[in-house]
Each structure stands twice: as structure tokens, then as C-alpha cells.
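As C-alpha cells, the structure follows; a few thoughts come after it.
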Amino acid sequence: METLDLLHTHLLPAAGPYPALRDALERTGPIRIEPAAHSCVAERLFVEVVNQQLSTRAAAAIWGRIEAAAAAAAGTPRALFAAGDPDLLRACGLSGNKVRALQAIVAAEAAGLLGPELAGLPHPERAAILCGIRGVGPWTADMVGIFHFHDPDIWPEGDVAAVGCLRRLTGQADTRAVAAAFAPYRSILARYLWRIKDMAAAAPA
């Protein structure tokens, strides 16, 4: 799905009071929203927990070691987490807290808390269920809502990159209030802000 129509019918008009934001959105143009990368929410949660507080490169390296360990055991990452061998998982680069969080996700799935019915819940209700799992907080619940369930109207207030980019482009400290003008497409605003930040980082000095 591309955001061309949405950009012109909603995002640019909502950005009207903030010329720098409007210009950045217009320069970015339509972005493509890819299908969910994981077959179920537990798989997405595994990745998000491994990624927490790590750079993209470090997280990818740890996940690569997890996949290698799973392949050596003729299993899957899920099977490693369910087995819960702390020494093996720590050797992959996971902290004790992350090991326990991954085991909690496996247990939540086994208890029926992560079934397809989550897709039909409003984000606050879904987030409350997810945040009841050890190691899953509001930021992770927001990322699952945006990227796995494709909820269009989540403002990830705990995301440093999205919040910082919006503050820079609007000069406003209260990003929640600014983002409210973009409802019911605040997730799309966040996706644009991430893209804008990435484009700025990639631009020649």
C-alpha cells in the first residue's frame, strides 16, 4: 500500500501550521507500507524484545547467533526460547532479563493470550494485554500495533526518533498535541517521521 492519496488529503493539510514539517512530508512523497513481516504476534514480540535498547547492527548480530543456535539444534528460535537454556541464550548475547521475557512470550502464547483475536481489539485494549507480559512495555506494544497489526492511528509517544523529529520540525515540545491533528492517521505520521530521519542521516554532509 502506498500513501500518495493520504499524503495529499490528510497529512499535508494537518501539517499546515508547521511549514518545516509540511515541506519535509512533501519532499518525502508517498511511502510504501509493507505487509507484516511475521506470521504471528509472538514472532514479532521475539524480535522486538531482542532489539530493545540495541543498535540495528547489534540486534541483527544477536539474532543471527540465535538462528545459528536454533539450526544447530535442528529447531527454531521459538524452541530455544521455550527450552530456556540460559547459558545457551546468554552465549547468543541475550541478557538474563531478555531470556525471561522471551520465555514469558512463549508462555503467553501457550495460554492463548496472543491469538488472532488481538487483531480485532482497539489498540489500548491490545496494548494492555501485551504489556501484561514480562518485558513488554508500551513502546513494544506500539511497534507491534503499527508494524504487525497495521493500526493506522497510534502515536508512539515513547519513541525517541519519532518524537525528536516531530519536535525539530514543529518547534513544539508537546508532540502528543501536535500529533492529535493527524488522527486517525498518527501511525502514518510516525512512519513518515522515521523515513524523514533516515533520509536526513543518509544525506551527504
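The values are calculated or read from the model by the stated rules, or taken from the named source; none is laboratory data. Predicted, not measured: the structure shown is a model, and the values here were computed from it. We place every Cβ from the backbone using ideal geometry, glycine too, and count neighbours over all the protein chains shown.
Collect the residues in the stretch 173-205 that are loosely packed, with under 14 Cβ neighbours inside 10 Å, modelled with pLDDT of 95 or more and not small (Gly, Ala, Ser), keeping them in residue-number order.
Once the filter is applied, which keeps residues that are loosely packed, with under 14 Cβ neighbours inside 10 Å, modelled with pLDDT of 95 or more and not small (Gly, Ala, Ser), the stretch 173-205 yields Asp174, Arg176, Pro184.
Of all the residues that make up the stretch 162-171, how many are surrounded by 14 or more Cβ atoms within 10 Å (Cβ to Cβ) and either assigned to a loop (DSSP other than H, G, I, E, B) or out of contact with any Ser or Thr (no Cβ under 7 Å at 6 or more places or on another chain) (or both)?
Initial filter on the stretch 162-171 (surrounded by 14 or more Cβ atoms within 10 Å (Cβ to Cβ)): 162-163, 165-170.
Among the residues that remain, those that are also either assigned to a loop (DSSP other than H, G, I, E, B) or out of contact with any Ser or Thr (no Cβ under 7 Å at 6 or more places or on another chain) (or both) are: 162, 165, 168-170.
Selection size over the stretch 162-171: 5.
Could you list, in sequence order, the residues of the stretch 16-27 that are in contact (Cβ under 8 Å) with a residue 60 or more places away in the chain, surrounded by 17 or more Cβ atoms within 10 Å (Cβ to Cβ) and not aromatic (Phe, Trp, Tyr)?
Hits for the stretch 16-27 are Leu21, Ala24, Leu25.
Name the single residue, out of those in the stretch 40-97 being in contact (Cβ under 8 Å) with a residue 12 or more places away in the chain and in a loop (DSSP other than H, G, I, E, B), that is nearest to Phe147 (Cα to Cα).
Cys40
Scan the stretch 117-149 for residues that are more than 16 Å from Glu48 (Cα to Cα) and in contact (Cβ under 8 Å) with a residue 60 or more places away in the chain and report the count.
The number of residues fulfilling the criteria is 1.
Of the conditions (1) among the β-branched types (Val, Ile, Thr); (2) under 17 Å from Gly16 (Cα atoms); (3) crowded, with 21+ Cβ neighbours inside 10 Å, Ile154 clears all except one; give me its number.
The single condition Ile154 does not satisfy is (2).
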